[in-house]
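Have a look at the structure below before the remarks.
The values are calculated or read from the model by the stated rules, or taken from the named source; none is laboratory data. Note that the coordinates shown come from a computational prediction; the quantities given were computed from them, not determined experimentally. Note: ideal-geometry Cβ built from the backbone for every residue, glycine included; neighbour counts use all protein chains shown.
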2 protein chains.
Amino acid sequence: MKQKASIKSDIEIALGSEMKNIKDIAEKIGIGEDDLEFYGKYKAKLSFDILHKLKTKEDGKLILVTSINPTKAGEGKSTVTVGLGDALNKIGKNAMIALREPSLGPVMGLKGGAAGGGYAQVLPMDEINLHFTGDIHAITTANNALAALIDNHLQQGNELQIDPRRIVWKRVLDMNDRALRNVVVGLGGPAHGIPREDGFDITVASEIMAVLCLAEDLEDLKARLARIVVAYDYRQNPVTVGNLRVEGALTLLLKDAVKPNLVQTIEHTPALIHGGPFANIAHGCNSVIATKAALKLADFVVTESGFGADLGAEKFLHIKARNAGIKPEAVVIVATIRALKMHGGLNKEELGDEDLAALQAGFENLRKHIETIDGFGLPFVVALNRFSTDSSQEISLFEKLCNQDGIPFAMSEVWEKGGQGGVHLAETVIKAIENNKKTFEPLYSLSDTLEEKINIIARKVYGAAGVEFSSQAKSQLLQFDRLGWSRFPVCMAKTQYSLSDDPSKLGRPEGFVIAVRSLKPSVGAGFIVALTGDIMTMPGLPKKPAAMNMDVDETGNATGLF
Amino acid sequence: MKQKASIKSDIEIALGSEMKNIKDIAEKIGIGEDDLEFYGKYKAKLSFDILHKLKTKEDGKLILVTSINPTKAGEGKSTVTVGLGDALNKIGKNAMIALREPSLGPVMGLKGGAAGGGYAQVLPMDEINLHFTGDIHAITTANNALAALIDNHLQQGNELQIDPRRIVWKRVLDMNDRALRNVVVGLGGPAHGIPREDGFDITVASEIMAVLCLAEDLEDLKARLARIVVAYDYRQNPVTVGNLRVEGALTLLLKDAVKPNLVQTIEHTPALIHGGPFANIAHGCNSVIATKAALKLADFVVTESGFGADLGAEKFLHIKARNAGIKPEAVVIVATIRALKMHGGLNKEELGDEDLAALQAGFENLRKHIETIDGFGLPFVVALNRFSTDSSQEISLFEKLCNQDGIPFAMSEVWEKGGQGGVHLAETVIKAIENNKKTFEPLYSLSDTLEEKINIIARKVYGAAGVEFSSQAKSQLLQFDRLGWSRFPVCMAKTQYSLSDDPSKLGRPEGFVIAVRSLKPSVGAGFIVALTGDIMTMPGLPKKPAAMNMDVDETGNATGLF
C-alpha cells in the first residue's frame, strides 16, 4: 500500500484518489442505472423503487463500530468503520458501509471532516462535507417551514390557542452560530408577528433529522412528522404538526432527502451515507432506511454509532435497533493508546511521552464499555487504532491487559494502509460472529417507567450509583406519564467525554450520581430525551475559523478544506 | 394540440407530460454526457469545462420578455417566455430559454409556481419549484456563514472595530416568515454573542444572489463577494467580506450553485434556469452565466426580466446587459385584456365583464412601456396573452389601438396550445429583429451622478415629474460619492404595481414625484439600491397557507402543489 500516507492531508489523499463512476459501484451490488438518481458522477440516491424491491431479499450481518469515551486525542471511529469495510472486502467478504452524513456548520469552524481519514475515507470527501446531496438543506427547510407556519398560526388568529410562551419548536441552521442561540422574534409591530423568545439549533439537532433517520419509508415519515409536539396550548395540552395539518407539506419537502445516498470509499467499497442526528439530544446514527438497504445489498454491513459506547451504542441498541427490528452480530470498540492515556490522567501535551501507568489506569474506561456491550449479550472485538507515537512498550502492555481478561482485539492500521491495515481486525470480527453463543437482550423493557429506564441506563451503562431528578424533571415524569409517553425509550443527553455527567471525570469514575435536569419529548422520533448538564445544540465558531483558510480554484477544486 | 388544457391544473399537465432524459436534450445543443453533472434524470448542471469551451463560439440573438405593470389579474410573462421559445423551434429556428429559478418560500404560502403555465411550462416543474438543484440552499448557506462569521468576529475581540449598530448584513431563509423580519440576536449572556438588532430577508433578496447572477465566472464571483460591504466600523468606514478574509470560503460554498441548470419545456426545448434575484432591491433576472451560455448554444435565446418594464426591463438593460456586454435584439411586452382593464379602473371581481372604456384607459399603461423600450432604441412586439374571458369586441379594440399607433403585436395562446399558440408571435418577433434599423442606447451613462441617474429613470421610464430625496438619502448621496460609489448603476426599489411609487396609482399616472427614502449599497453586485416606499424583503404567509394542501404519495409524487 501507499507508504507516504502520514505526510499527506486527508483532502490531498482524497483528491488524489481515483473514483469509479457511481454507476459501476452500484452495478457491483446489483443496482442498475434506472434505480439510481445521480448527483454528478460520484453520488447517487437509491430510488423508492429499488428500496421497495429490496424488501424481499435476505438480510446480511450488521457490525456496529463504537468506542471508548472520546477525548481530545481523537479515536478514529469513522476511519476504522471505513477501513473495516474495505478490509472485509479484501478478505473476500461482500461488505458495505453505512455512515452518518456530516453537518456543514462545524466544517466552517474547525478543520477536520467526518468522512474517515487517511486511506480509509469515503469519497468525494469535499462534497460529502459541504452540501452533499442537499439532505440537510431539505431538513433545514422543512424545520423552518414548520416554524414559520407556527408563528403564522399565532398571527392569523391562533385557532389552536397556542401559548406563545410554550412553543418548543425552534428554528435551525446548518451553521455554527452562537448569536442565534437565544433570540427574540416577531418585533417591529402588529404586521410582523407576535414577539416571543426563541432560539436556533444546528440543523442536525432538529427532531426532523431524528424522525427521518428512524422512519421506515415515506408513509412512516409522514406519520412521525404528524406526531411531533411543537407547542402547548393555553390549557397545556400538546399541539402537534398533525393539528396544524402540514405533515404532508413537510413530507413533500423531504421526499428526496429520505432516499439514501450511495458513494464509495477510496478502495471502491460501496457506502450509504444518510442522515446524521446529534448523538446527545438524539440517537446519533445514520438512517434506518440506509442500514436496512445496506443489509439487503451486502453480506456484511459496517456501521457506526455516535460518541462513545455509553451514549452511541446504548442508543443504537435501545432506540434504533429496537425501533427497526435489527441487531448487530458483533460490536467493534475502538480505542487508541493516546486516548487511553488521557483517560489515565495525561494532558494532551503529554501524549507523546510513553506512560505505562497512565495507559493502565485509562484502560479502565475501555473495560467499562466492554462490560456494557457484554451485558447486552453481544460479541465484541477491541480495535486498537495505531498511531506512530505509540511505543512498543505501550502496545505490549495493551496486549497484555487484553489477554489477561480474554478480550478479543486486533490492531487497526487502516488510516495509513487502507483495507490492508484492517485485515486482521476483519478476520477477528468474522471469528467473533461465527463463534458467538450469546443472545442479544436490551437492558430495559419498553414497559418500564421512564424513571426505571433512566436508572437502568445510569447504573448498568454508566456505572452510576444512582439518579437524581430535579423538581422540574419529576413533574415532567408525571406529566409525560399522563400523556402516554412512558412507553417510549429514553434518549440520554449527557456529556460524551465522561461516563458520568461531569466532562472532567475521565477514566472510569465511580460512586457518582446522574442529575437529570429536565425531559424533552421527541414524540415524532419516538423517544424521551433526558437532559443532564448543559447540552449545546448550537455550536459556536472559534477565534480563527477554518473558513479563513478555504478557497476554490477557477476549475472548482477546493483548497484549505481540512 | 391538446384542446382540454383549460380544465387541467398546471401540476396535472406537468406530471402528465413525458420528459426526455436530459442527456438527450443536451445532445441536441451539442453538449456531451461528460460535460453534464446530473441531478436525477431530468436536471443537469453544465460543467466549468463546457462553459469555458463555449467562450470561443459566436453569440445567438437575445429576445427579452417584459410586461406592463403587473396586476392581480396576472400577465403570464413566464408562460409567454416559455411558449415563445417553443414556438421559435416550431418555425424552424434553433432556440433556447433562460429563466430565473423560483424561490421555495412563496410556494409554501400561495398556490402558483414560477415555471410557466398550462402547456408552456418548464419541467420537472415540481422539483424546479421545490429544492431544484440546491442553488438557493447554497446561497442561504453562504449568506448565513457570512453572518455567523461577522457575529463571531465581534465575539472574538472585534479586531476590525465593527460597530454592532451598523452591521448591514442580514441573515436569510428561503421561507416566508414575517416573525423573522425584526429580531434581537446574541441574547443569553457573554458566551452567546453580542446582543444587537438584526433581521432576516428571504434568500433571493440576499446580495449574494445578485452577485452570483452578475458574475462572469468563479474568479469574478470571488472578487465580487470580497467587495460586499457587511458593516461599518466605529469610524464609519465600510467593512467588507475581503476584510474578514472569507471570500474564498463563500466561493467554495457556491462552486456548484454558480453552474447553470439545464432542463426542458413540455415540448423539449432546452432551458437554462439559473439564479433568481429580487426584482426590487436587486435586478431581477437570471444569471449572466446562463444567458451567455444559452447565447453560445442557440441562435435565439428568450429570456425574462422581473415585474413590469419600468423595473425589470430597465434593470436588465442598465445593469445586467451593460455589466455583461450583451444586448437584446428585440423586446416582447406582454399584456392581457384583463390586466389592462384593471389599469383602466376595474376591480378583480369585474374583470369577467366586457368593458371597452376600461380597456382603452388601461391601454395607456402599455403605451408608456412601449415608449420606454422605444426610447432605448430597441425593436419590440406586444404579445397579447389571450384568456377565454376576453370578448371579441375587446380584442378588436385592442387591435385597433395597436394599429392606430403602428404598434407591432401578436396574440399568444401558448398557455392553451403550447408552441403552436405562439407561432404568429415568433414570426412577428423575427420580423422585428430582421427589420430593425434602430441602435440600442442606455438612458444614462455610468459617469452621471447617482442623483442624475435616479432622475433620468424616474422621468424617462416612470414618467415622473421629479424626484424628492429624504434628508437621509441626501447625506447618503454625499457619503457614497466620497466612497467612490457614484460610478455604479442605480437599482430602483419601487412598487411593481404602478409606474409611480404609490401602488394604488394604476394606468399611466402623471405629475407624480418619486420619493427616495434611502440608499443601500450593493457593492459586490455593483449597484446602488434606491429605496422608495416600503419594500418588503421578507414576505409573510397567508391565513390558509398552500402548505396545508400539499402532500406526497408513497412513491414520491407531489399532490396539492399548485
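Over 22 Å from the mean Cα position of the chain (by Cα) and either over 21 Å from B:Ile162 (Cβ atoms) or hydrophobic (A, V, I, L, M, F, W, C) (or both): which single residue out of B:Ala279, B:Ala191, B:Ala205 fits that description?
On the way: B:Ala279 fails: over 22 Å from the mean Cα position of the chain (by Cα); B:Ala205 fails: over 22 Å from the mean Cα position of the chain (by Cα).
Residue meeting the stated conditions: B:Ala191.
Within the stretch A:261-271, is even one residue of a type in the set (Ser, Thr, Tyr), in a loop (DSSP other than H, G, I, E, B), in contact (Cβ under 8 Å) with a residue 40 or more places away in the chain and in contact with a helix residue (DSSP H, G or I) (Cβ under 8 Å, 6 or more places away or on another chain)? Spell out how you get there, then give the answer.
Narrowing the stretch A:261-271 to residues of a type in the set (Ser, Thr, Tyr): A:265, A:269.
Of the ones still in play, those that are also in a loop (DSSP other than H, G, I, E, B) are A:269.
If we keep only those that are in contact (Cβ under 8 Å) with a residue 40 or more places away in the chain too, we end up with A:269.
In the following step, the residues that additionally are in contact with a helix residue (DSSP H, G or I) (Cβ under 8 Å, 6 or more places away or on another chain) were identified as A:269.
Checking the stretch A:261-271: at least one residue is of a type in the set (Ser, Thr, Tyr), in a loop (DSSP other than H, G, I, E, B), in contact (Cβ under 8 Å) with a residue 40 or more places away in the chain and in contact with a helix residue (DSSP H, G or I) (Cβ under 8 Å, 6 or more places away or on another chain).
Just one of A:Gly352, A:Gly344 is at pLDDT below 95 and either basic (Lys, Arg) or more than 18 Å from the chain's Cα centre (by Cα) (or both); which is it?
Values: A:Gly344 fails: at pLDDT below 95.
Criteria check complete, one pass: A:Gly352.
Within the stretch B:242-252, being facing chain A (nearest Cβ under 7 Å) and touching a strand residue (DSSP E or B) at 6+ places or on another chain (Cβ under 9 Å) holds for B:Gly248, B:Ala249, B:Thr251, B:Leu252.
Scanning the stretch A:515-530 for residues that are in contact with a strand residue (DSSP E or B) (Cβ under 7 Å, 6 or more places away or on another chain) and not aromatic (Phe, Trp, Tyr) gives A:Ala515, A:Val516, A:Arg517, A:Ser518, A:Leu519, A:Lys520, A:Pro521, A:Ser522, A:Val523, A:Ile528, A:Val529, A:Ala530. Residues of the stretch B:343-360 that are closer than 19 Å to B:Tyr497 by Cα, in contact (Cβ under 8 Å) with a residue 24 or more places away in the chain and among the charged types (D, E, K, R): B:Lys348 alone. Selection of the stretch A:152-200 for residues being surrounded by 21 or more Cβ atoms within 10 Å (Cβ to Cβ), among the small types (Gly, Ala, Ser) and part of a helix (DSSP H, G or I) yields only A:Ala179.
Against the definition (over 19 Å from A:Met19 (Cα atoms) and in contact with a Lys or Arg (Cβ under 8 Å, 6 or more places away or on another chain)), how does A:Gly76 come out, yes or no?
On the way: over 19 Å from A:Met19 (Cα atoms): yes; in contact with a Lys or Arg (Cβ under 8 Å, 6 or more places away or on another chain): no.
No; evaluated as a whole, the condition is false for this residue.
Residues that are in contact with a helix residue (DSSP H, G or I) (Cβ under 8 Å, 6 or more places away or on another chain) and part of a loop (DSSP other than H, G, I, E, B) within the stretch B:16-35 comprise B:Ile29, B:Gly30, B:Ile31, B:Gly32, listed in sequence order. Checked against the criteria, A:Ala290 does not count as assigned by the TED database to the domain that holds A:Val429, in a helix (DSSP H, G or I) and surrounded by fewer than 24 Cβ atoms within 10 Å (Cβ to Cβ). Among the criteria (1) within 22 Å of the chain's Cα centre (by Cα); (2) free of Cβ contacts under 8 Å to residues at least 40 places away in the same chain, the one A:Val381 does not fulfil is (2). Taking the conditions (1) touching an Asp or Glu at 6+ places or on another chain (Cβ under 7 Å); (2) modelled with pLDDT of 95 or more in turn, A:Ser6 satisfies each one other than (2).
Conditions (1) crowded, with 21+ Cβ neighbours inside 10 Å; (2) in contact (Cβ under 8 Å) with a residue 60 or more places away in the chain; (3) under 21 Å from the mean Cα position of the chain (by Cα), marked per residue:
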| position | (1), (2), (3) |
| --- | --- |
| A:Phe38 | yes, no, no |
| A:Lys57 | no, yes, no |
| A:Lys61 | no, yes, yes |
| A:Gly83 | yes, yes, yes |
| A:Lys93 | no, yes, no |
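Given the criterion out of contact with any Gly (no Cβ under 8 Å at 6 or more places or on another chain), in the same structural domain as A:Gly422 (by the TED database) and either under 25 Å from A:Thr140 (Cα atoms) or touching a residue at least 12 places away in the same chain (Cβ under 8 Å) (or both), identify the matching residue among A:Arg338, A:Arg367.
Answer to the selection: A:Arg367.
Tally the residues that are under 20 Å from B:His153 (Cα atoms) and either within 12 Å of chain A (Cβ to nearest Cβ) or not aliphatic (A, V, I, L, M) (or both), restricting the search to the stretch B:183-241. Here the count works out to 30. Between A:Phe562, A:Phe527, the distinction of being under 23 Å from the mean Cα position of the chain (by Cα), closer than 30 Å to B:Leu254 by Cβ and not aliphatic (A, V, I, L, M) belongs to A:Phe562 only.
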